[in-house]
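One structure is given here, and the rest of the page talks about it.
The values are calculated or read from the model by the stated rules, or taken from the named source; none is laboratory data. Nothing here was measured: the structure is a model prediction, and the numbers come from that model. All Cβ positions, glycine included, derive from the backbone under ideal geometry; neighbour counts span all protein chains shown. Ligands, DNA and RNA are excluded from the accessible area calculation, which covers all protein heavy atoms including side chains. Shrake-Rupley method; radii C 1.70, N 1.55, O 1.52, S 1.80 Å.
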Amino acid sequence: MRNLLTALLCLLAIACGGDFSNDDLEFQNALPQREDLAAMLPDSAKRSGQGTGTREDRLGLQVLGGTSELAVQSYQVGTQFNASVDALLTLLELFRGVAPTTRETDRRIWGPFPADDHPGHELRLVMERQGADFAYRLQFRPRGAGEDGWWTYLPGTFKADGGIRKGTGALALDLKEARANGFDTREADGLDRLDIRYQTKALPTSVELLFTGAGATLPLTRYASRQVPEGLGEMTFRLPGQDLVPGGLLETLDIVSRWTPEGRGKLVLTILEGDAKGLKYTECWDAQTRITFLQRNWDFINPTEGNASSCPDVSALGP
């Protein structure tokens with residue numbers, strides 16, 4: 001898709017000449033941008049070598065002064081979160097710097113253009129406005145088909161509130177519909193849908209990713225990010241099917257991980273389902289991701305280790 005975007009951007013810049021009205025800019029500002037949705041990660045996340053390994057940690061094996069594997073994995077999730085957001089928003093970048101092909105009072109259309117990554121197809125973006133509410137659809141159709149041949153790959157909405165690019169929005173990739181129309185979804189074959197929900201009107205700003213597996217009726221895996229201008233960041237994730245505790249049942253984990261710009265952090269992990277339902281683990285780490293404090297609610301003899309005052313103040317992110 002990136003080759004398609006590059007080629008079309010060059011073509012459209014020549015064809016349209018970048019002639020924008022103030023009204024055009026209002027439509028374009030309803031489209032999300034990377035800086036609005038990307039999770040804010042500390043520099044230590046880059047230093048810790050973010051691969052995509054498997055979970056082999058056990059809560060009882062975390063050692064005071066040792067490397068926080070949960071911190072490293074939180075940064076891995078943040079890196080993968082940003083990659084998912086980036087891949088989705090790349091599809092919209094094509095239209096950001098280009099004047100619309102069709103203008104109506106409360107409607108804009110970009111295209112149709114050849115979809116070079118999908119031979120025999122073309123694509124367009126349709127945006128409609130109703131007051132402060134915007135709805136948009138990135139669509140494909142077989143070349144030569146009529147108006148009823150369009151199908152929607154990426155639907156989105158935005159409600160403006162409080163200034164430029166401030167408000168609440170949602171967008172999605174309909175991978176099930178793409179496969180039904182003959183598209184190869186490659187590494188995403190195990191998913192039917194990827195949803196993004198976000199709000200930029202108030203602090204902390206927040207973004208949520210929901211992954212719906214193939215054949216599932218509801219999303220099972222959830223990732224969310226929040227941040228404030230001071231540089232504090234947060235990732236929360238709901239992970240089903242994890243073998244964290246030995247036994248016959250798989251665990252569903254709820255994890256809230258927060259960090260400062262320099263990389264100090266605090267994490268709370270709760271087991272919602274599984275062999276150890278109700279267990280709660282809290283951990284803090286320093287800028288080198290070394291554990292400075294830990295607490296286990298199931299350990300009645302030695303429930304805490306380290307100094308709780310070493311945990312960073314992340315209260316600006318809320319309760």
Review point. Per-residue accessible area for residue 36 at 1.4 Å probe radius, Å² rounded to 10?
Key: 30 Å²
Check your understanding: For residue 63, what accessible area in Å² do you get when you roll a 1.4 Å probe over the heavy atoms of the protein chains, rounding to the nearest 10?
Key -> 90 Å²
**Study point:** Where 311, 284 fall by accessible area, highest first, once all protein chains stay in place (1.4 Å)
**Key:** 311, 284
Exercise for review: Normalising by the residue count of the stretch 98-253, find the relative contact order in percent from Cα pairs under 8 Å and 6+ residues apart.
Suggested key: 10 percent
Practice item. Just need the relative contact order of the stretch 256-317 here, percent rounded to a whole number, with Cα pairs under 8 Å and 6+ apart. Key: 29 percent
Exercise for review: Using Cα pairs closer than 8 Å and at least 6 residues apart in sequence, work out the relative contact order for the stretch 166-319, in percent.
Suggested key: 13 percent
Point to revise | Residue-span extension gain [residue 132 to residue 117] - 0.36 nm each, minus C-alpha spacing | key: 2.0 nm
Exercise for review: Would you work out which of 227, 245, 268 lies farthest towards the positive end of the dipole of the stretch 211-268? Charges go on Cβ: Lys and Arg +1, Asp and Glu -1.
Suggested key: 227
Exercise for review: Could you please put 237, 211 in sequence from largest to smallest accessible area, using a 1.4 Å probe?
Suggested key: 211, 237
Check your understanding: Say we join alpha carbon atoms closer than 10 Å with springs in a Gaussian network model of the chain; which of 25, 89, 209 then has the biggest fluctuation?
Key -> 25
Point to revise | Solvent exposure of the stretch 198-319 as accessible area per residue, Å², 1.4 Å probe | key: 46 Å²
Review point. Among 125, 31, 218, which one moves the most in a GNM of the chain with springs linking Cα atoms closer than 10 Å?
Key: 218
Review point. How large are Rg and Dmax for the chain when only the alpha carbon atoms are used, in Å?
Key: 22.4, 73
Review point. Which trypsin sites (Lys or Arg not before Pro) from the stretch 267-319 combine a DSSP loop assignment with at most 16 other Cβ atoms within 10 Å?
Key: 277
**Study point:** Estimated dipole of the chain in Debye, rounded to 20 [Cβ of Lys and Arg +1, of Asp and Glu -1, Cα centre]
**Key:** 180 debye
Exercise for review: Would you kindly find the accessible area of residue 293, with a 1.4 Å probe and non-protein molecules such as ligands, DNA and RNA excluded, rounding to the nearest 10 Å²?
Suggested key: 20 Å²
Review point. What are the residues whose amide H is under 5 Å from the amide H of residue 201, where those residues sit 5 or more places off or on another chain and H is modelled from the backbone?
Key: 167
Practice item. Choose one answer from 164, 109, 291: the residue with the largest mean-square fluctuation in a GNM of the chain with alpha-carbon springs under 10 Å. Key: 164
Point to revise | Theoretical gain in end-to-end length, residue 189 to residue 273 [0.36 nm per residue, Cα-Cα removed] | key: 27.5 nm
